[in-house]
Amino acid sequence: GTGGVIGAILAKLLGDQHARYLQEQLDRGGLLLWVHTRDAAHEERATEILRRHSGRDVHVHDLPAG
């Protein structure tokens, strides 16, 4: 149930292929974490912290304004 809702939302925001990849990660017990930062410096810091603490597949996306 919940996974399907998450998949549908991700598909709308990110595109079907990326949403399927994320859904596969969640199905295998992965954790999806989004961090909103106020500027590029904080974005860089958040990315570095996640990687330093064993974050895998850490990357940045720009989402369209809603």
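Quick note: the coordinates plus some simple rules give every number you see, no bench work behind them. This is a predicted model, so every value here is computed, not measured. Glycine gets a Cβ as well: all are built from the backbone with ideal geometry, and neighbour counts include every protein chain shown.
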To the nearest 20 debye, the range 21-63 has a Cα-centred charge dipole, built from +1 on Lys and Arg Cβ and -1 on Asp and Glu Cβ, of 200
I'd like the Karplus ³J(HN,Hα) series for the range 44-60: coefficients 6.51, -1.76, 1.60, θ = phi - 60°, whole numbers in Hz, and an x wherever there's a Gly or Pro. 4, 5, 4, 4, 5, 4, 4, 5, 4, 9, 6, x, 10, 6, 8, 7, 10
Which whole-Hz ³J(HN,Hα) couplings does the range 24-35 yield from phi under the Karplus relation 6.51 cos²θ - 1.76 cosθ + 1.60, θ = phi - 60°, glycine and proline marked x? 4, 5, 5, 4, 8, x, x, 10, 9, 10, 10, 10
